[in-house]
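Taken together, the values in this text are just the output of simple stated rules run on the coordinates, not laboratory data. All of these numbers come straight from a predicted model, not from anything done at the bench. In this analysis, Cβ positions are derived from the backbone assuming ideal geometry, glycine residues included, and neighbour counts consider all displayed protein chains.
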Ligand SMILES: NC(=O)c1ccc[n+]([C@@H]2O[C@H](COP(=O)([O-])OP(=O)(O)OC[C@H]3O[C@@H](n4cnc5c(N)ncnc54)[C@H](O)[C@@H]3O)[C@@H](O)[C@H]2O)c1
């Protein structure tokens, strides 16, 4: 796998598309960034440039941004995708829009290209019906900002070829990811199923006035936030004693929230037009200055947490044992 020989098409240069394009450029791929809405083209390109600038300032990359930008073509013309080998779609989460976009992609790419979607929740088995070769279609689910985060789910639909999924899974290491292979399509994939179980319980606790938004966040940051960058839920239970978890599960599982619709807390915010830091109204209220500072602080944090997480890869103990054996 030589990234320079594998051209990648990024379709949709919004929030996620521009950070995924940045990730691909850093990995050494030639990138065609296709923004379907011409009026959004310049914004997408600016975002990629800004990501590379910060990545350079934070020592994430070894060359100046211009070095990577030589490999980028930004366009609204689908025919520019004709020589790309891997396509990563990132348009609005709307199946009708995605259908139109996949039909256009399918009409121009070669029959051996791999087509992928960064959908958050639309089943891959449904999306793969929009292309002529469904066995070459996969979900590639990223986490924002994709050039610093380590998360990537490679998701198979019912008709996906598992060998090709493994090819993407292995390639993810070149993109700086610790990939997760989702062998069978399931709604919400892996990470969102885990996270939404937590969002639901968090909202229930506030709606029923057991605790404030601030205190639920504080509990989450100082429990899950403390161990999750190093170990997942299973290793955490191993590290702290499995038996006690089963005892608590017996008592607690029947009492956890299992609502099937969004609750009054989030409904009120969204119905009143709130969208978090993007417009200053979310679970918290933000002044203009606070909005900006939260976004900046989060960007800074993503680089710092990345440094720590890189010191503790999933196979940290195996690496240590191998090293000790080499020294004997
Ligand atoms: N934001 C996240 O953290 C995140 C994480 C994982 C997956 N995703 C998924 O990635 C995809 C993109 O999300 P985003 O957050 O980058 O959104 P965004 O709003 O920042 O970008 C949306 C993109 O869709 C394009 N678009 C909008 N209307 C269109 C139309 N009618 N035809 C063609 N293109 C159109 C926009 O021009 C833009 O490029 C979604 O499927 C989303 O669910 C987002």
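Starting from the Cα gyration tensor of region 193-316, take the square roots of the eigenvalues, sort them a ≥ b ≥ c, and report rounded, prolate or oblate (rounded when a/c is under 1.5, otherwise prolate if a/b is larger than b/c, else oblate). Oblate, since a/c reaches 1.5 and b/c is not below a/b. Fewest neighbouring Cβ atoms within 10 Å first, the residues 160, 120, 62 line up as 62, 120, 160.
Pop the C-beta distance of residue 173 and residue 103 into the FRET formula with R0 = 22 Å and round what comes out to the nearest 0.05.
Values: r = 32 Å, r/R0 = 1.46.
E(calc), rounded to 0.05, equals 0.10.
Taking the Cα centroid of region 9-70 and of region 89-151, what is the distance between the two, rounded to the nearest whole Å? If we compute the Cα centre of each part, the gap is 19 Å.
So between residue 166 and residue 328, what do we pick up on full extension, going 0.36 nm a residue minus the alpha carbon distance? Computed gain between residue 166 and residue 328 is 54.8 nm. Arranged from fewest to most other beta-carbon atoms within 10 Å of their beta carbon, 315, 251 become 251, 315. For the pair residue 294 and residue 224 in one chain, pulling the backbone fully straight at 0.36 nm per residue adds 23.1 nm over the alpha carbon distance. Label-to-label distance for residue 235 and residue 304 is 2.2 nm, based on points extended 7 Å past Cα in the beta-carbon direction. When the chain is treated as a Gaussian network with alpha carbon springs shorter than 10 Å, the biggest mean-square fluctuation among 136, 218, 193 belongs to 218. Each of residue 270 and residue 193 was given a label point 7 Å from its Cα along the Cα-to-Cβ line. The distance between the two points is 2.2 nm.
Would you please classify the overall shape of region 69-177 from the alpha carbon gyration tensor, given that a ≥ b ≥ c denote the square roots of the eigenvalues, rounded means a/c under 1.5, and beyond that prolate means a/b larger than b/c while oblate covers the rest?
Details: a/c = 1.30, a/b = 1.07, b/c = 1.22.
The shape class here is rounded.
Judged by the gyration tensor of its Cα atoms, with axes a ≥ b ≥ c, the chain is rounded; a/c sits under the 1.5 cut. Ranking of 189, 138, 234 by neighbouring Cβ atoms within 10 Å, starting from the fewest: 234, 189, 138.
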